[in-house]
Every structure is written in structure tokens, then in C-alpha cells.
Amino acid sequence: MAGTLVVPVVDEGLGNSAYLVGLGEGRALAVDAPRDLRAVRAAAGRYGLSVAFAADTHLHADFLSGARQLAADAGAQILAPAAGARAFDHRGLADGDEADLGGLTLRAWATPGHTADHVVYVLLDGPQALGVFTGGSLLVGAVARTDLAGPEQTEPLARAQYGSLRRLLALPDPTPVYPTHGAGSFCSAPPGAERTTTIGREKEANPLLAVPDEDTFVKVLLSSLGTFPAYFLRLAEENRRGPAIVASAPVLASLSADQVRTLRDEGALVIDVRPVTDFAHGHIPGSLAIPLRDAFATWLGWLVPDPATPLVVVGGPGQDLGEATWQALKIGYDNLAGTLAGGVPAWGAAGNPVAVTPLLTPGQVNPAAVVDVRQAVEYAGGHLPGARNVELGALIRQAPGLAGRPVVTMCEHGERATTAASVLERAGHTGVAVLTGGPPEWSAATGVALEGNA
């Protein structure tokens, strides 16, 4: 089928791509679609498509699958790895199995590595490979991590990943490669704008394909793995059981200040999604600041360990709180208690205390008091002399070790630093402030060179 339509649908926040494939007669295949189907549905609408098949390459750890929702809403047939043993209606595909898409064929290849159940899907028009959907196997300039099933499986899966990649490289060089994980994904992908590639390009440019042997591959891959959000450890099983169907677009209930206070006292967590300066100038004591942006879901899932925790969202004027709810739902945070009507001004007007967090400029900061909450690889690339690195995802555990002294949190732009300050405040720390801007701004303002790890 000449000119087959393949539409990437990118989630910048999680660093992933779903794909819509035109099958003719208004039908489409969706590959690795998330539970938040707004962008997939918008793309389908633009091209006049209805999803007839929903295929998942593996049991996803970073988002809830939308395949079951597509089956409920549009009657799509779910295609998934047989090894995943999903507990809902689907067609399980083992190595070499094919699905007739009505003119085109989808062939599953078992490619364990990123996960044990992983498959890639080769899209065929007769004998011709039109492309391969590689999920968390071959990525642009990288391969996906193999440590999501526990430390005892990390090396065996890395060795399996090596074999899976060798198999993929047997495809013709011009074959388009459509990975799910891309830049920004904690499933491992380098920074960069490219989301798709070809077999030939990866042979030439992917450093993990240039290693001389399996042992070297394993060593290089495992040494490159950074931390990942805690919620990754539970979503694969939720995807195996099947995410709950979303009956209608979520709407946050409007809550009074008294209702919010009662919910908080009973164990609900207040999530403040306002911009950095708004939170700093006044917020509900004990609230967790996660400014609403593409990466909101990542930090919600990293810092709120129990998805059953009732969440109260505090927003500001003009913010789209529907975006916050969908980002929460796509990683399994369904217990959304509501939102504070009137925001923080209404909280204060009801006689409740309002906390503030100082925002500091570079000239006001002693670098020795700075806790840099960026990822370790960011810190290594350049940091304030004497600043301590505690990744934001580890800060809840390490907060007790920061007690008894002033702390200034910092990151690259201020969002993660503000979240970090709220984590420390929740842990009972006083004297917490936020440095606005990142290391380059601090260096430019002070004239002091940054340090980097050797």
C-alpha cells in the first residue's frame, strides 16, 4: 500500500510517541496509545480515521495503556504480546504471529529486553516491510532500559535486549523505525528532536549498536541507567489487569476552604499546580507544589507513592485544571477529590494560615547552602561550587539529613526547585528558599565558574 499514513502522536511530558496508521476506508491502527486519548482522538479526527486495532508493544511502566479504552469506545480489537498474560479480552501475539489488518499485515517479533514480554510489530504490505514499531527496544540513538523488573532481572534482560537488537538489524536499512520511547522518557532516550529513524541510520549512529560484543553492550547499557519514577514499579501490573474505563471526561468538584481543610486533616494531599512565583508568594501549608506543565504526571507519580491518596488540586486564574486531571489519570491517579474554589485567596479569606517561600536571586545565595535537585547527569554537567546534589525523586527519603540548617533549592528553571522546597516544608523544615534560575544564570550573575564532575 503505497504512501501508508503513519502519524506520530507525541506526549512531550512523558517523552513517548503513540502512532496512528491509516489502513484504508477510514480505519486505523493505534500503537501504544495512552489512557489519555485526547491527542490520539484529535489526530484521528484530522485524518477522518476510526481506530479499528489497538496494539501494545509491552506492558508499559510509564503510562496506563489506552487500548482497553479504545476497545470500549470504538470497538477496536486489542493486539498485545501473548507473554504479557493480560487479564482482559485481547488477541495475544507470540513470535511470528500475524494480524490481518485488512490489506496490510502486522507481524509480531518477540524482542525481550526492555521487558520480558516485549514485541515489535513489523508492518507489511505483502512481503515488503513498511516500518517497524519498536516500542522500548530500538530507540533513536539509544535502546530502552532493562531494570524495570527488579535488579535480579536487569542483566538477563540486557543480554536479551542485545539479541533482540541483532534481530532487528536484519531488516533492510531503509525500513522506518517508530519507537515509543523518545527524548524526555525515563525509559532511556537521549535528548534530541528526532522521534523516528531508520534501521540504516541507527546502524551508522547508534553508539549501543557499535559495541563489539554482548558483554560490552551490557556494561555500557547498565552504566548509563539513571533513576526512574517510583510509579514505574506498579504500572506494568495495572496494565496487565487492565486500566479502568473512563466513562466521561473528568471534572474536578468545587470545594470550599472548609471542605479542603477537612479533607487534608483526613489524609488528602493538596497539590498546588500554580506557577512558581504564585506558590512562593502564598500557599496552603503542607501542600505539594507541582507546577502544571508537560512533566506534571512524572513528578506526581514520583512524589506521591500511593495512587489511592485523595488529591485536592489548587490552581490559579486561567489554568486548565482538566490538563492536570488527565495527566493524573494517565498514570493511575484516579482519586481526585476536587479543587479549591477561589484558590488560595479563598483559603486565606476563610481565616486559614498562608505560607510563603522566599525566592532568592544569585547574589543572595551561599552556594554551600544549595541543594541542587536536578538529575545526577545534569549536576555532573555543571553545578555551583559546593552545592549538594539530591535528586528530587530522592528528596523525601533524604529530607531528614538536611534538617537543622538553611537550605536553598535549585534546578534548571525553578519548577523542580519549588517542588523540592514544598517537600522539605512538608517534612517540617524551616528556612527553605528557592534560587530562581539555573547554574548558567547563577554563573553569569556572579562571575564564578561552575564545577563539573570529571
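Here are some notes:
- Only residues that are in contact (Cβ under 8 Å) with a residue 40 or more places away in the chain, in a loop (DSSP other than H, G, I, E, B) and either closer than 27 Å to VAL143 by Cβ or open to solvent by less than 50 Å² (accessible area, probe 1.4 Å) (or both) were counted in the range 81-104, giving 6.
- Per-region count, the range 135-157, residues among the hydroxyl-bearing types (Ser, Thr, Tyr) and part of a loop (DSSP other than H, G, I, E, B): 2
- Among the residues listed as GLY322, GLY316, GLY338, GLY332, the single one being under 28 Å from ALA244 (Cβ atoms), assigned to a loop (DSSP other than H, G, I, E, B) and open to solvent by less than 30 Å² (accessible area, probe 1.4 Å): GLY332
- Meets criteria (surrounded by 14 or more Cβ atoms within 10 Å (Cβ to Cβ) and within 20 Å of ARG274 (Cα to Cα)) for VAL407: no
A quick yes/no check of all residues on (1) more than 23 Å from THR196 (Cβ to Cβ); (2) open to solvent by less than 30 Å² (accessible area, probe 1.4 Å); (3) not in a loop (DSSP other than H, G, I, E, B):
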| residue | (1), (2), (3) |
| --- | --- |
| LEU79 | no, yes, yes |
| LEU106 | no, yes, yes |
| HIS114 | no, yes, no |
| ASP117 | yes, yes, no |
| LEU123 | no, yes, yes |
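Residues checked against (1) farther than 18 Å from ILE245 by Cβ; (2) out of contact with any helix residue (DSSP H, G or I) (no Cβ under 7 Å at 6 or more places or on another chain):
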position	(1), (2)
THR4	yes, yes
VAL7	yes, no
ALA30	no, no
ALA54	no, no
GLY75	no, yes
LEU93	yes, no
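- Identity of the residue in the range 192-237, hydrophobic (A, V, I, L, M, F, W, C) and outside any helix (DSSP H, G or I), that ends up nearest to the chain's Cα centre (by Cα): PHE228
- Scope the range 125-141; condition open to solvent by 10 Å² or more (accessible area, probe 1.4 Å) and touching a residue at least 24 places away in the same chain (Cβ under 8 Å); matching residues: ASP125, ALA129, LEU130, VAL140, GLY141
- Checked against (1) closer than 25 Å to PHE232 by Cβ; (2) touching an Asp or Glu at 6+ places or on another chain (Cβ under 7 Å); (3) buried (at least 19 other Cβ atoms within 10 Å of the Cβ), ASP294 passes all but a single condition, namely (3).
- Among the candidates ILE245, ILE271, the residue that is open to solvent by less than 50 Å² (accessible area, probe 1.4 Å) and at pLDDT 95 or above is uniquely ILE271.
- Residues of the range 182-205 classified as open to solvent by less than 10 Å² (accessible area, probe 1.4 Å) and under 22 Å from PRO156 (Cβ atoms), total: 1
- Residue count for the range 144-162, restricted to those that are farther than 15 Å from SER224 by Cβ, at pLDDT 95 or above and either in contact with a helix residue (DSSP H, G or I) (Cβ under 8 Å, 6 or more places away or on another chain) or open to solvent by less than 40 Å² (accessible area, probe 1.4 Å) (or both): 2.
- Filtered residues of the range 22-50 (kept if within 16 Å of THR4 (Cβ to Cβ) and either assigned to a strand (DSSP E or B) or of a type in the set (Asp, Glu) (or both)): GLY22, LEU23, GLY24, GLU25, ARG27, ALA28, LEU29, ALA30, VAL31
The values are calculated or read from the model by the stated rules, or taken from the named source; none is laboratory data. Note that this is a predicted model, so its numbers are computed, not measured. Methodologically, a virtual Cβ is constructed for each residue, glycine included, from the backbone with ideal geometry; neighbour enumeration extends over all protein chains shown. Keep in mind that these areas ignore ligands, DNA and RNA; they rest on the heavy atoms of the full protein, side chains included. Shrake-Rupley method; radii C 1.70, N 1.55, O 1.52, S 1.80 Å.
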